[in-house]
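Okay, so here's the structure we're looking at.
The values are calculated or read from the model by the stated rules, or taken from the named source; none is laboratory data. Owing to the predicted nature of the structure, the values given are computational and were not obtained by experimental measurement. Here Cβ is always computed from backbone atoms with ideal geometry, including for glycine, and neighbour counts include all displayed protein chains.
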Amino acid sequence: MNEKAVEHQETRETIIPVRKYPYYIEKPPKENRVGRFLEAFAAVLKYSDYKPLLDSYCTSNTKCNRCAVACPVFLATGDPRDIPCYRTNLILDIYKRYFTIGGAIKARLTNGFELTEEIIDDMLDGFYRCTACRRCTRECPLGVDHGLITRLARYVLSLIGIVPKALQVSVREQLEGTTHNTSKVPKEALINTLEFLSEELEDLLGVKMTFPVDRPGREYVFFCAVSDYLLEPETLMGNAAVLYAAGDWDKWTVGTHNYDGINYGLFYSDWHLENIIKQLVAEVTRLKGEKILIGECGHASRSAHDFVPVFAGKEAYPVTNFMEYTLKCIQEGRIKLDRDIVTKRVTYHDPCNIARSGWIVQQPREILKAFVNDFVEMKPSGQDNYCCGGGGGLVSIDEIHEFRMSVAGKIKAEQLRQTGAEICIAPCANCKKQLKELVEYYKIPCTVMGLHDLILKAIHIPGGKSPQERKEEAALMEM
């Protein structure tokens, strides 16, 4: 065990000086932060199910430091404050001291733990250095979910007004704004974009595809990360190509009241997480849809898959990730992919939100192996993958760009370089943004794209141009 990984077992006073939190906050509280934090914590415990979980963790040994070897942030810095169980114990110490009978009695009899402004500062910084990737949980012999504790701490901090502005502004627009999406894309811009992409698809594939909008009674209501409409259109075009080739064009629709699968509540607020889920479900109900079809985005998929059943009650709809849908179409012989189109070496990055639990691991690999001849794995991969470095919402916080590059994403960049891959598939809006920045920062000769970006190049379209014809046209345009 690294020597620095055991320092915090002795006393928190050895972990100095306090690092100042590096993110912007709209209106940070300046007075009585300790009292306000304890009031907010008490409210969360009263109106949620966190208390039994914390009671369980308090009876465990949460200072063994096994999690240190799994954390990419600690492995990059060697700072004991970056060990997952160090952060977890910040919360457990507060809970034991102020919300358990034993802690209250001990405080009266001894000069035990007391929450201070310095510890508040420690939490402000520490819990937003964590990418919430939950890799540490797989290493913990007691199954302590340090990622969940990170979200709990952020939740309590958010209730006293401490949230990175980047996350707060996006959620506010999604819940209270006129567009109800994180990128403030108005309905008119959405429709214009879909019309433009229809024309692009016709030029590329040789068939007319008019995106279905507000069509009631369809099997699938489709939600992708709103960035796919503007910043990653090839992913959306690949989704459309699969639906068309599979013969399901008349079975899906995009809604105009809510068309953003992003849910930043997953990163810092159960309250916002719930309300965004209910907004998504309401759109499916409005359109009389049967199922929720989420695009490639990892965190959009996890938030819907894991929390629609929790927060929607009787109105819960089945949730399908688009990669599950595409693999099913391949297995049923409804779509065909040309093995002669992709000649470059390809690797795959597992987004933590869909891979850590084991939900989406083999599906994208089976898809890639159906048409990619030179596929190479990162090591480790699958459920044990390393986070891209922008997880937990950090990728949206521009002011910590250097931290994301030189610390949180350092191991992932080295993993990517070692594969020698020319293409990295990253089926998540956040992962793609982070990995593209890592590739540029570390000068790695690799192109980052979504899975359906690559599928778009190789898919056979009934009545349209062949993949080989499209490849030849693309080559001529590049000359």
Hey, K432 in contact with a strand residue (DSSP E or B) (Cβ under 7 Å, 6 or more places away or on another chain) and surrounded by fewer than 17 Cβ atoms within 10 Å (Cβ to Cβ) or not: no
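Would you mention how many residues in the stretch 230-244 are of a type outside the set (A, V, I, L, M), over 18 Å from V319 (Cα atoms) and buried (at least 24 other Cβ atoms within 10 Å of the Cβ)?
From the stretch 230-244, those of a type outside the set (A, V, I, L, M) are 232-235, 238-239, 244; that's our starting set.
With over 18 Å from V319 (Cα atoms) added as a condition, the list becomes 232-235, 238, 244.
If we keep only those that are buried (at least 24 other Cβ atoms within 10 Å of the Cβ) too, we end up with 235, 238.
The qualifying residues number 2.
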Only one of N275, N239 that is touching a strand residue (DSSP E or B) at 6+ places or on another chain (Cβ under 8 Å) and in contact (Cβ under 8 Å) with a residue 40 or more places away in the chain: N239
The stretch 374-388, residues that are outside any loop (DSSP other than H, G, I, E, B), out of contact with any strand residue (DSSP E or B) (no Cβ under 9 Å at 6 or more places or on another chain) and either of a type outside the set (G, A, S) or touching a residue at least 60 places away in the same chain (Cβ under 8 Å) (or both): Q383, D384
Residues of the stretch 83-93 satisfying the condition of being in contact with a Phe, Trp or Tyr (Cβ under 7 Å, 6 or more places away or on another chain) and in a helix (DSSP H, G or I): R87, L92, D93
Complete set of residues in the stretch 71-81 that are at pLDDT 95 or above and not in a loop (DSSP other than H, G, I, E, B): P72, V73, F74, L75, A76, T77
Given (1) among the acidic types (D, E); (2) in contact (Cβ under 8 Å) with a residue 60 or more places away in the chain; (3) over 17 Å from G450 (Cβ atoms), number of the condition D250 does not satisfy: (2)
Residue in the stretch 98-111 that is among the aromatic types (F, W, Y), assigned to a helix (DSSP H, G or I) and buried (at least 16 other Cβ atoms within 10 Å of the Cβ) present: yes
Single residue of the stretch 283-303 satisfying the filter (within 17 Å of G450 (Cα to Cα) and not charged (D, E, K, R)) that is farthest from the chain's Cα centre (by Cα): L293
Some residue of the stretch 73-81 being without any contact (Cβ under 8 Å) to a residue 60 or more places away in the chain and either out of contact with any Leu (no Cβ under 6 Å at 6 or more places or on another chain) or not assigned by TED's automatic domain parsing to the domain that holds Y268 (or both): no
Failed condition for L190, given (1) under 20 Å from N275 (Cβ atoms); (2) crowded, with 21+ Cβ neighbours inside 10 Å: (1)
Tally, over the stretch 339-358, of residues that are out of contact with any strand residue (DSSP E or B) (no Cβ under 8 Å at 6 or more places or on another chain) and crowded, with 16+ Cβ neighbours inside 10 Å: 7
Given (1) within 21 Å of Q174 (Cβ to Cβ); (2) part of a loop (DSSP other than H, G, I, E, B), index of the condition K288 fails: (1)
Candidates K471, K465 - the one that is among the basic types (K, R), at pLDDT 95 or above, out of contact with any His (no Cβ under 6 Å at 6 or more places or on another chain) and under 27 Å from C224 (Cβ atoms): K465
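Determine which member of the set L273, L231, L280, L266 is under 21 Å from the mean Cα position of the chain (by Cα), under 25 Å from K165 (Cβ atoms) and not in a helix (DSSP H, G or I). Before you say what the answer is, go through the steps one by one.
Working: L273 fails: not in a helix (DSSP H, G or I); L280 fails: not in a helix (DSSP H, G or I); L266 fails: not in a helix (DSSP H, G or I).
Step by step, each of L273, L231, L280, L266 is checked, and only L231 is under 21 Å from the mean Cα position of the chain (by Cα), under 25 Å from K165 (Cβ atoms) and not in a helix (DSSP H, G or I).
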Members of the stretch 190-216 that are touching a residue at least 24 places away in the same chain (Cβ under 8 Å) and either assigned to a helix (DSSP H, G or I) or within 30 Å of L38 (Cα to Cα) (or both): L190, I191, T193, L194, L197, E200, L201, L204, L205
Subset of the stretch 51-70 that is assigned to a loop (DSSP other than H, G, I, E, B) and within 24 Å of N111 (Cα to Cα) - its residue that is nearest to the chain's Cα centre (by Cα): T62
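Which one of these is over 17 Å from T235 (Cα atoms) and free of Cβ contacts under 8 Å to residues at least 40 places away in the same chain: K314, K336? Before the answer, list the steps.
Working: K336 fails: free of Cβ contacts under 8 Å to residues at least 40 places away in the same chain.
None of the others qualify; the one that does is K314.
Would you confirm whether any residue within the stretch 326-339 is under 21 Å from the mean Cα position of the chain (by Cα) and closer than 23 Å to R135 by Cβ? Walk me through it before giving the result.
Start the filter on the stretch 326-339 by keeping residues that are under 21 Å from the mean Cα position of the chain (by Cα), which leaves 326.
Still in the running and closer than 23 Å to R135 by Cβ: none.
The answer is no; no qualifying residue exists.
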Subset of the stretch 135-167 [surrounded by fewer than 24 Cβ atoms within 10 Å (Cβ to Cβ) and either assigned to a loop (DSSP other than H, G, I, E, B) or on the phi > 0 side of the Ramachandran plot (or both)]: C140, P141, L142, G143, D145, I160, G161
